[in-house]
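Structure record follows, encoded as structure tokens.
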Amino acid sequence: MTEPTSGPLPRQRPTVQVCETLAAVPAASWAPVAAGAGLYSSHEWLTLVEQETPGLCRYLLAHDDAGLVGALPVYLAADEPNPYYDPQSVFRAAVPGRHGRYCVAGSRSGYSNELLLADRLGEAGQRATAAALLDELAALAAAQGQEHAFLLYLNQRGLSQVTGYAEDVAPVLGYSADAWLDAPGRVFDDYLAALSAGRRWTVRKEIRCFAEEGLHTVRTDPRDRLDLVVEFARLGNEKYGIVESEAGLRTRFERQCAVFGGQGVLVEGRRGRTVLGVALGYRWGDWLHVRMAGFDQAVPARAYAYFNVVIYELLRHCYEAGLRGLHLGTGSHDAKGGRGARISPLASVALPAAGAAGADPAAPTARSGARRYWRQQAERRPQLFDDELWRPWIGR
């Protein structure tokens with residue numbers, strides 16, 4: 001591992017302590033370090049994640065003389081219920097450490113991770129704090145009998161933080177990217193005007209077809225429609241091969257609604273009074289984060305229900321609420337990009353534990369296959385890919 005070499009370091013490196021529960025960290029102290037990282041790094045969201053973690057939770061907390069300046073949640077989990085957060089499914093050759101656990105750093109939910117660093121530090125201070133946190137992560141992994149600590153679904157900022165600390169690690173690109181859809185101007189028509197002529201024609205056609213199929217949307221409070229949320233969350237899970245009991249889903253969304261209910265909006269796609277699909281979003285900061293979407297198989301493809309319920313109606317809500325836009329998350333990047341979303345890479349890194357040999361836990365096909373896939377996507381739809389973001393990871 002290499003220490004950062006560019007720019008001056010502060011005279012005193014932050015000290016890092018390890019905490020076993022987020023309840024021991026005041027939300028007011030956490031907020032400044034997580035301010036720019038979005039919903040899934042918030043104290044509120046990570047508290048919910050802790051309640052659902054099948055294993056041990058640890059929180060690495062970096063302090064300077066003025067208080068908390070950096071943080072990183074760590075999970076020592078066995079029997080991960082979400083296969084997309086199982087390092088074996090990402091790296092293909094990863095093996096668990098002691099007690100069958102993996103050491104996973106960053107939130108276990110949301111598919112967008114980074115180290116949480118206070119803005120007040122400045123660039124040099126952030127580099128030093130990142131190094132202190134990752135040093136402690138490597139030591140924690142070693143103490144738990146692990147060969148690696150896995151940082152999954154790092155966004156662009158998270159990738160820069162980790163590769164700047166350990167230049168020899170090789171990220172594994174995910175097959176899903178992160179999608180953000182801006183809400184330019186003040187009204188929905190401003191979104192349409194900002195699209196290319198071809199995309200604008202597509203959006204208008206999909207809105208028209210939705211209405212011609214006799215469908216319409218209704219916005220409701222998710223706290224009043226919990227049965228509906230659970231029902232369609234199950235359908236959404238089935239689509240992606242995620243198995244979770246109805247009781248587990250109910251508990252999850254009861255907790256979410258208790259914490260975020262006042263910031264939530266549920267869009268229902270209906271034919272008459274029959275609900276055929278829903279999308280759930282939570283407001284956090286200036287963005288609406290799409291948390292769940294599910295559709296009945298009976299909804300006709302020609303109705304374009306997904307786009308109308310998940311994108312167009314939630315985007316209308318953003319305009320009415322004065323938000324910057326939608327965080328659409330992973331999956332279906334081609335379809336989301338075709339409606340104007342920005343597509344950003346996500347990658348995972350295996351950081352060697354302190355004193356470990358650092359053997360690559362990724363099967364060759366895990367790394368080369370994903371890179372080849374994204375090259376093909378960029379060649380086919382170059383307008384969706386920002387060269388500055390993607391070139392370091394896929395080449396062009």
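The values are calculated or read from the model by the stated rules, or taken from the named source; none is laboratory data. Bear in mind the structure is a predicted one, so any value in this text is a computation, not a measurement. Cβ: placed from backbone, ideal geometry, glycine included. Neighbour counts: every protein chain shown. Note: areas computed on protein heavy atoms with side chains; ligands, DNA, RNA excluded. Shrake-Rupley method; radii C 1.70, N 1.55, O 1.52, S 1.80 Å.
Some observations on this one:
- Shape descriptor for the chain: Rg over Rh equals 0.97 (Cα atoms; Rh from the Kirkwood inverse mean 1/r).
- Counting Lys and Arg as +1 and Asp and Glu as -1 over every other residue whose Cβ lies under 14 Å from the Cβ of THR53, the net charge comes to -1.
- Once the Kirkwood radius over Cα pairs is known for the stretch 137-218, the Stokes-Einstein relation at 25 °C and 0.890 mPa s delivers a diffusion coefficient of 140 µm²/s.
- The relative contact order of the chain, computed from alpha carbon pairs under 8 Å that lie at least 6 residues apart in sequence, is 20 percent.
- Modelled FRET efficiency - R0 41 Å, THR202 with SER245, Cβ distances, 0.05 increments: 0.60
- Calculated SAXS-style log₁₀ I(q)/I(0) at q = 0.16, 0.18, 0.25 Å⁻¹ - the stretch 296-386, Debye, Cα scatterers: -0.86, -0.96, -1.27
- Simple point charges give the picture: +1 on the Cβ of Lys and Arg, -1 on the Cβ of Asp and Glu, and for the chain a dipole about the Cα centre of about 1160 debye.
- Projected-area mean, the stretch 308-361, by convex hull of Cα positions, square nanometres: 6.1 nm²
- Both the radius of gyration and Dmax for the stretch 44-177 are 14.4, 43 Å, in that order, over alpha-carbon atoms.
- Per-q log10 I(q)/I(0), the stretch 347-395, q = 0.19, 0.21, 0.31 Å⁻¹ (Debye; single scatterer per alpha-carbon; no solvent): -0.71, -0.79, -1.17
- Surrounding net charge for HIS327, when Lys and Arg each add one and Asp and Glu each subtract one, Cβ distance under 12 Å: +2
- Along principal axes, Cα extents of the stretch 182-256, largest first, whole Å: 46, 25, 24
- Calculated on the alpha-carbon coordinates, the convex hull of the stretch 142-296 measures out at 202 cubic angstrom per residue.
- Among PRO222, PRO32, LEU72 the positive-end extreme of the charge dipole of the chain (Cβ point charges): PRO222
- Accessible surface, per residue, of the chain when the full set of protein chains is kept, probe 1.4 Å, Å²: 44 Å²
- The simple Förster model, with R0 at 25 Å and r as the Cβ-Cβ distance, assigns ASP224 and GLU320 a FRET efficiency of 0.85.
- Split the accessible area of the chain by element, probe 1.4 Å, and carbon with sulfur accounts for 49%.
- Whole-number D in µm²/s for the stretch 254-351 (Stokes-Einstein; Kirkwood sum over Cα pairs; 10 °C, 1.306 mPa s): 108 µm²/s
- Dipole in debye (nearest 20) - the stretch 1-148, about Cα centre, beta carbon charges: Lys, Arg +1; Asp, Glu -1: 200 debye
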